[in-house]
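Below is one structure, written out as structure tokens; the observations come after it.
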Ligand code: C5P
């Protein structure tokens with residue numbers, strides 16, 4: 001049994017747009033957002049074992065039940081295997097933590113898929129989706145990937161036409177921002193539930209045809225730029241460096257730029273690095289995938305994946 005080891009690659013995301021439509025009775029916020037998967041991957045592998053255990057190559061990341069991978073595996077085992085299914089899970093992190101790139105959520109989606117197959121539970125999307133929602137608002141997106149609209153808490157996903165193979169430069173400041181804190185600051189300013197209109201999301205349908213990323217908005221930017229002004233300065237530097245659009249991703253702290261396909265983002269990376277030496281930058285691209293089986297067809301080949 002233990003020779004069977006399965007591996008998934010879990011992508012990061014950015015939000016191409018994000019509108020906060022109002023506060024919900026459950027304390028969450030009603031969102032209308034467009035997610036886009038990007039080619040920065042965590043790698044999660046699993047093999048059968050007694051009990052559920054997670055280890056991770058990032059020592060500062062908790063591996064107990066605060067970690068969504070651990071929670072996802074336990075949830076599946078308890079609800080669909082009478083608590084009897086066990087696994088040892090290995091998580092190799094590339095996606096920065098606390099950066100608004102959805103790494104923990106993507107890993108959780110990966111854990112659902114990998115344990116479902118490892119334990120031969122045979123669950124389909126209709127069973128996995130409610131678990132994904134329960135784990136976190138961003139988790140369902142990673143079961144779909146590509147370009148997709150998220151409504152409700154951001155957890156009701158519908159696919160959109162793929163935004164195309166664009167070059168993206170991610171900028172990560174040397175600090176994380178807690179999503180909960182950003183939404184708390186937004187909540188202080190919201191007076192009513194809004195009118196539900198989300199122009200930026202409607203325009204998302206046109207991007208692939210018109211190559212137009214100029215109209216992107218993130219409704220969390222105002223409070224985040226106010227609290228962390230360096231992020232606004234980085235956004236401005238990306239625009240100066242030739243980005244078609246530059247935006248906060250989710251609740252931050254990542255700020256990213258989208259660049260014309262032919263030129264890529266290498267020159268822009270040099271430009272912003274000279275001005276923001278403390279920031280980490282990552283050149284990447286949009287991808288069509290959500291969580292995907294490792295190229296080896298799901299069988300671990302000993303390389304640890306190619307993230
Ligand atoms: O769902 P998740 O645990 O990732 O969300 C983290 C926090 O972000 C929530 O506890 C909530 O404070 C805030 N949030 C929100 N509205 C959303 C998504 C997240 O207020 N739609």
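Nothing in this text is a laboratory measurement; each read-out follows from the coordinates by a stated rule. Keep in mind the model is a prediction, meaning the values are calculated, not measured. Cβ atoms come from the backbone with ideal geometry, glycine included; neighbour counts cover every protein chain shown.
Computed on the stretch 67-146, with alpha-carbon pairs under 8 angstrom and 6+ residues apart, the relative contact order is 37 percent. Ranked by how many other Cβ atoms sit within 10 Å of their own Cβ, fewest first, the residues 269, 60 fall in the order 60, 269. With the simple model of a label 7 Å out from the Cα in the direction of the Cβ, residue 58 to residue 240 spans 3.0 nm. The long axis of helix 68-80 is offset from the longest Cα principal axis of the chain by roughly 50 degrees.
Each peptide among 75-88, 36-49 gets the average number of other Cβ atoms lying within 10 Å of its residues, and from highest to lowest they stand as 36-49, 75-88. The stretch 217-271 has equivalent-ellipsoid semi-axes of 21, 11, 8 Å, by the square roots of 5 times the alpha carbon gyration tensor eigenvalues, sorted largest first. In this calculation the C-beta distance from residue 79 to residue 274 is compared with R0 = 51 Å, giving a FRET efficiency of 0.50.
Between residue 97 and residue 66, the modelled label-to-label distance comes to 0.8 nm, taking each label 7 Å out from Cα in the direction of the beta carbon. Give me the angle, in degrees from 0 to 90, between the Cα long axis of helix 229-240 and the longest principal axis of the Cα atoms of the chain, rounded to the nearest 10. Its long axis makes an angle of about 70 degrees.
Distance between the modelled labels on residue 181 and residue 266, one decimal in nanometres: 3.8 nm (7 Å Cα→Cβ projection).
Taking the C-alpha atoms only, the angle from helix 179-189 to the longest principal axis of the chain is near 40 degrees. Place a label point 7 angstrom from the Cα of residue 26 along the Cα-to-Cβ direction, then list the residues of the stretch 132-156 whose backbone nitrogen is under 19 Å away. Within reach of a label on residue 26: 132-144, 149-156.
Each helix, a run of at least 4 DSSP H residues, gives -39500 (n - 2.57); summed and divided by the residues of the chain, these come to -9000 deg cm²/dmol at 222 nm. Taking 115, 56, 19 in turn, the Gaussian network model of the chain (Cα-Cα springs below 10 Å) assigns the largest fluctuation to 56.
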